[in-house]
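Colleague: Supplied in structure tokens, the structure appears directly below.
Each value in this text was obtained by applying a stated rule to the coordinates, not by laboratory testing. All of these numbers come straight from a predicted model, not from anything done at the bench. Cβ: placed from backbone, ideal geometry, glycine included. Neighbour counts: every protein chain shown.
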Amino acid sequence: MSFAVIGAGNTGQAIACYLTLQGKKVKLYSGCPKKVEVLSHRGLELKGMYSARLSIEASNNIEEVIKDAEFIIITTTSFGHKPIFKQLKPFLQSNQTIAIFPGYWGAVECKEILGPIIDEKNITIAETSAMPFVSKADNGGTVYINKIKNNVQISVMPTPMNLSISKTFLEAFPQLIPANNIFETSLNNTNVVIHTPITLFNASRIDASEEFKFYGHGVSPLTVTYIEKLDKERKEIADLFKVQTKDILTILNEFYGTNYSSLYDALPGLFPDAMAPTTLNQRYITEDIPYGLVPISELGRKVGIKTPYTDSIIETASLLINKDFRTEGVNFNGITKEGIASLGGLTQYS
């Protein structure tokens, strides 16, 4: 079983180490030649939940990395998905699987870009609801896997020849559980309803590069209440599309095997040492809004569900950062509400 890991950030380095530790054949792609040189010559030291020093085969030649790989794991940021799918397209081989960690509706974008070759080459497109690890790479040769999540969902974009993810892939990642469709994975992404309100409600502190604990000092009762209202809108969209989901607190407790009774206690309890970002030009805004909250809002618009809490975050952040997140994000333009259901392999919604 061979793997290509695309993206050598926190998650990409952690997954490359995790698979190498299992004895899998792994190649790691980075668009940064300097990073490739460091990883190829020094390897990686894995710390935290595991302890090992590992040799890593890294390259900035994407054709070389994915050649003969059975599984291609995408770990780039969401705004990097489309460019990567375009780079992959001419080099894909028959019967390969593309797995996006996490999805952020990446399977929809991948299907749009790859088009007919999905069926011609029997390409499986999969995505997860979250990263499988809480990890951090220092880009100097060390990667830390601090937590391993449980019950992370994975789904596939259905094709006439393929409706499920390979069992051998699931054996490599026992923390993954199959979901029914890509609506389940993308609508069960916990990041989008947690990160953005905390970041936006602490915008002045972050913009001033103030150091503070993101969950320990950045969360207040009103912030948690707003998160829960965002989560309620997410769940209402999910219920309409008959997507199995749970409230954000339950999802977090299942991820980490905990039993917190309130979200206000859970956030600082689960992540006591997590520091706030020191800039607003960061994925909690630039990724979680256009690829997380915008699709929820746009789905609501198409099916007649109001999402005022979601909309307020999108509009306020767009004005503050001076970016049009609705245009940049996943907005399902040109797709009817009936067509949206077919994207995810849904047969109907109420």
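Colleague: If you put +1 on each Lys and Arg Cβ and -1 on each Asp and Glu Cβ, how big is the dipole of the chain around its Cα centre, in Debye rounded to 20?
Modeller: The dipole of the chain has a size of about 380 debye.
Colleague: Let me check against my output: what whole-number percent is the relative contact order of the chain, with C-alpha pairs under 8 Å and at least 6 apart? Kindly include the intermediate steps, with their values, before the conclusion.
Modeller: Details: 652 pairs, mean separation 49.4, N = 350.
Across the chain, relative contact order equals 14 percent.
Colleague: Would you report the distance distribution of C-alpha pairs in region 1-132 as whole percents per 10 angstrom bin, up to the bin with the largest distance?
Modeller: Percent of Cα pairs in each bin: 13, 46, 32, 8, 0.
Colleague: Where the centroid of each part is defined by its Cα atoms, how far is region 284-317 from region 31-73 in Å?
Modeller: The distance from the Cα centre of region 284-317 to that of region 31-73 comes to 35 Å.
Colleague: Consider just the alpha-carbon atoms of region 212-303 and return their Rg together with their Dmax, both in angstrom.
Modeller: Rg, Dmax (Cα atoms, Å): 14.5, 40.
Colleague: Out of the GluC sites (Glu not before Pro) in region 202-296, which ones are loop residues according to DSSP with at most 10 other C-beta atoms within 10 Å?
Modeller: In loop regions of region 202-296 (DSSP not H, G, I, E or B), the sparsely surrounded GluC sites (Glu not before Pro) are GLU211.
Colleague: Ok, one more. Pull out a ≥ b ≥ c, the square roots of the eigenvalues of the alpha-carbon gyration tensor of region 144-266, then state rounded if a/c is under 1.5, prolate if not and a/b is larger than b/c, and oblate in the remaining case. Spell out each step's value before the answer.
Modeller: Working: a/c = 2.17, a/b = 1.73, b/c = 1.26.
Prolate is the answer for region 144-266, as a/c is 1.5 or above and a/b outweighs b/c.
Colleague: For the pair SER220 and SER164, how long in nm is the line joining their label points, each one 7 Å along Cα→Cβ?
Modeller: A separation of 5.0 nm, rounded to one decimal place.
Colleague: For the chain, what does -39500 (n - 2.57) per DSSP helix run (n ≥ 4), summed and divided by total residues, give at 222 nm, in deg cm²/dmol to the nearest 500? Walk me through the numbers before you get to the answer.
Modeller: Numbers: 18 runs with 152 residues, N = 350.
After summing the helix terms and dividing by residue count, I get -12000 deg cm²/dmol.
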